[in-house]
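To keep things clear, I will list the structure first and then write my remarks on it.
The values are calculated or read from the model by the stated rules, or taken from the named source; none is laboratory data. Just so it is clear, the model here is predicted, and its values are computed rather than measured. In this analysis, Cβ positions are derived from the backbone assuming ideal geometry, glycine residues included, and neighbour counts consider all displayed protein chains. Remember, those area values only see protein heavy atoms, side chains included, never the ligands or the DNA or RNA. Shrake-Rupley method; radii C 1.70, N 1.55, O 1.52, S 1.80 Å.
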Amino acid sequence: MAFNNAIGISPFEEKVWLARPSVYQNSIDYIYEAYTSKWMTTAGTNINEVEREISEMVGCKYAVALSAGTAALHMAVKLAGEALYGNSEAGKGALRNHRIACSDLTFAATVNPVVYEGGTPVFIDTEYDTWNMDPVALEKAFETYPDIKIVLVAHLYGTPCKMDEIREVCEHHSAIIIEDAAESLGATYKGVQTGRLGSYNAISFNGNKIITGTSGGMLLTDDKKAMEKVKKWSTQSRENAPWYQHEEVGYNYRMSNVIAGVVRGQIPYLKEHIDRKKAIYMKYKESFKNLPVKMNSFDAENSEPNYWLSAMIIDQEAMCRQVRGERETLYVEEQGKSCPTEILETLAKFNAEGRPIWKPMHMQPIYRMNPFITREGNGRARTNAYFDGGVADIGLDIFERGLCLPTDITMEYGAQDVVIEIIRRCFE
């Protein structure tokens, strides 16, 4: 059934974005300070202060400001690899031929650093309670691949994982936890900030994150030697010599003092951003009570998300028929039903931005041959022409039925109400 616009809704004059950064005068002041002091390189007061403030806020002893969250994850993976397997040969990585358990429902930046270091990602399916790594599936992964010694977990859309269950599995198998908290700065699990729940942890200051530097990231750890190694690796592994001398492979990963100025100016507003994101989430949740949808869930007893992105999932019986290819998608309009494609296309017609849920890593063309573990065990090749293998692919299901909603804290007053009405009419 075509979208019902009998009571006319006009397109937004100013686009409603998924999530865009807020800009503050103190960030501009810190940038100006970097320019006037001529500290525009990868050193300076802004960097020192950002490292100090974030480490104190999160509760980690040490922080290293880097060029991106991906750089921070790369350094975390490299640290874990060398902690387990010793120094790598130049440029080849300590993890070659080693399997690493990774969150499946996430952005590619979570898992690509494993490949940088020569490792093989083993994708762990998702659970519905938090849309994060399933601890039961993780245990199955260790049963299948007992040689796994590193687990890389991501907190999707700012919602903490079931960390106690994951930690218990990892401790039983003597595995190191790397925490991808790129999306979850300010979220807590049992009162502890994400970004300090693993041995090596990464956060992001990318342009649409809860606080931003337009780019940038940070490695967080309680291990002083790890911090010192990352500071060395991220500045091209320069040795203490009167000339440029290098004894191991390095990277140009340090954050610039200018970018650090933007981050420094955003830090005081983190709580305000979280409060506003939460208000948006709660308004969607309340407004959708009579629709056949649910919001992205979290463990309310043990965690408090940062509500970075509000997302929803359509009830199975309310899904119209939808088929997705590698780059294109088709759906059939059905009365009283909808699907992510229809809703996203309709929002776009009214000048509002939504997005699909991250496509699970085990479905990505580059990783289609990698192991994928569900709570039933191996999630690959479990069906044939004669029987249904009974594999519950939770990540695929959330991807098929879910979408991310406009969660921009700068959207104009009343804009969210219009977005809600547009979504409501998609089901009429």
Worksheet item: Which FRET efficiency value, to the nearest 0.05, do you get for residue 317 and residue 295 by plugging their Cβ-Cβ distance into 1/(1 + (r/R0)^6) with R0 = 22 Å?
Response: 0.80
Fill in: Loop GluC sites (Glu not before Pro), region 308-342, which have at most 16 other Cβ atoms in a 10 Å radius of their Cβ (DSSP)
326, 328, 333, 334
Practice prompt. Work out, step by step, the length gained on full extension between residue 359 and residue 329: first 0.36 nm times the residue separation, then minus their alpha carbon distance; give nm to one decimal.
Written response: 9.4 nm
Item to complete: Work through the residues other than residue 214 whose Cβ is under 15 Å from its Cβ and net out their charges, Lys, Arg +1 and Asp, Glu -1.
Response: +3
Worksheet entry | Rh by Kirkwood over Cα pairs, then Stokes-Einstein D for region 207-359 at 1.306 mPa s and 10 °C, µm²/s | 79
Worksheet item: Relative contact order (percent) for the chain, with alpha-carbon contacts under 8 angstrom and 6 or more residues of separation?
Response: 23
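Rounded, prolate or oblate: which one fits region 63-125, using the alpha carbon gyration tensor with axes a ≥ b ≥ c (rounded when a/c is under 1.5, else prolate when a/b beats b/c, else oblate)?
Because a/c hits 1.5 or more and a/b fails to exceed b/c, region 63-125 counts as oblate.
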Item to complete: Would you mind pulling out the separation of the Cα centroids of region 265-298 and region 399-428, in Å?
Response: 12
Worksheet entry | Calculated FRET efficiency for the pair residue 425/residue 13, C-beta based, R₀ 25 Å, to 0.05 | 0.80
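Quantify, in whole percent, the carbon and sulfur part of the accessible surface of the chain (1.4 Å probe; protein heavy atoms only).
On the chain, the fraction of accessible area on carbon and sulfur atoms equals 51 percent.
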Worksheet item: Given the Cα-Cα distance of residue 345 and residue 96 and 0.36 nm per residue of separation, how much length would full extension add, in nm?
Response: 85.4 nm
Worksheet item: Pulled fully out, how much extra length does the chain show between residue 36 and residue 208, if you take 0.36 nm times their separation in residues and subtract their Cα-Cα distance?
Response: 59.1 nm
